[in-house]
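Please treat every number below as a calculation from the coordinates, not as lab data. Note that this is a predicted model, so its numbers are computed, not measured. Note that we place each Cβ from the backbone using ideal geometry, even for glycine, and neighbour counts take in every protein chain shown.
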Amino acid sequence: MRRLVALALLTLFATACAASEEIVAQDVVFEIPWGTKESAHYRLLQGDDVVGSGVLSVEVNSGVLIVEQAFDIPREEVTDKIRVLADASTLRPSSVARQIDGPEGKRICQATYGGSVVTVVQHSNEDDRTDELSVPEKSYDTWTDLFLWRTLPFREGLDIKYAGVLSCSLAKPDLLSEVLKVEGLETVSVPAGAFEAWRLEIRSGGRTQHAWYANGDERTLVRYDNGELVFELESID
């Protein structure tokens, strides 16, 4: 199960160094770039090999932001689906639901935010566990990160820190320091075409990742390298 889970953890950060990093709890949402509904389709690569596919969807309904991520890795027989509900203007989370299906069974996680606490309940064939974590008011669930970063006021040299809550990670929930730096504009070629995109460096939990967001009003994620998998945009609707 560990090998499958490592592939399924598509957008999460390692936590080994989290405890020693400064946590800066602050608002970082600058401008919401998406409309009422959107879905972006990606291929997932390890090196030069296409190993799966992913869909990142966002919908706004009555002031509630619904973020969904769905991943399929056929050669590992793994699917991973995540749904986050948050405030549509602030991206403050209210709940996270995650389900991973693989050869060794199903794992379900539910995270519920209330006041200054997130409660995370996980079930699998092997164990059941419930954990609670105190969280700052000004914090964001890491399952909204790929959308949260789209709201930044992109410009070269921009540095931002914020508090990220690692909720449904299949381990105990944790609070992370997330450090972002906009490194500049690059031309990025993906199956959807060539884009002028802002290169964003993300540092957290002792790891460095990179994301490329199109230089336009919608700031679409065109490429993302989390150190294990690379997402490349194929289409958007």
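By the Kirkwood approach, averaging reciprocal distances over each pair of separate Cα atoms, region 145-229 gets a hydrodynamic radius of 13.6 Å. Exposure here means at most 16 other Cβ atoms within 10 Å; with trypsin sites (Lys or Arg not before Pro) in a DSSP loop as sites, the longest stretch of the chain lacking them is 1-137. The ranking of 73, 108 by Cβ neighbour count inside 10 Å, starting from the fewest, reads 108, 73.
Considering only 202, 163, 153, the residue lying farthest towards the positive end of the dipole of the chain is 163, judged by Cα position with unit charges set on Cβ.
Report the charge-dipole magnitude of region 2-236 in Debye, nearest 20, computed about the Cα centre from +1 at each Lys and Arg Cβ and -1 at each Asp and Glu Cβ. Display every interim value, and only then the final one.
On the way: 23 positive and 38 negative charges, 43 e Å.
That gives a dipole near 200 debye.
Volume per residue of the convex hull around the Cα atoms, evaluated for region 64-182, comes out as 106 Å³. Look at the dipole of region 2-236 built from charges on Cβ: of 231, 52, 90, the Cα furthest out on the positive end belongs to 90.
Within 10 Å of each residue's Cβ, count the other Cβ atoms and sort 77, 68 from fewest upward.
Details: 77 12, 68 16.
The most exposed by this proxy come first: 77, 68.
Greater than 22 Å separation of Cα atoms is the criterion. Which listed pairs, 138/172; 81/106; 37/181; 138/181; 81/172; 138/161, meet it?
Working: 138/172 20 Å; 81/106 11 Å; 37/181 28 Å; 138/181 20 Å; 81/172 19 Å; 138/161 12 Å.
Over 22 Å Cα-Cα: 37/181.
Net charge of the neighbourhood of residue 141, taken over other residues with C-beta under 13 Å away and scored Lys/Arg +1, Asp/Glu -1, is 0. The reciprocal of the average 1/r between distinct C-alpha atoms defines the Kirkwood hydrodynamic radius, which for region 2-236 equals 17.9 Å. Of 32, 82, 202, the sequence from fewest to most neighbouring Cβ atoms within 10 angstrom is 32, 202, 82.
Each part reduced to its alpha carbon centroid, region 176-237 and region 135-173 end up 14 Å apart.
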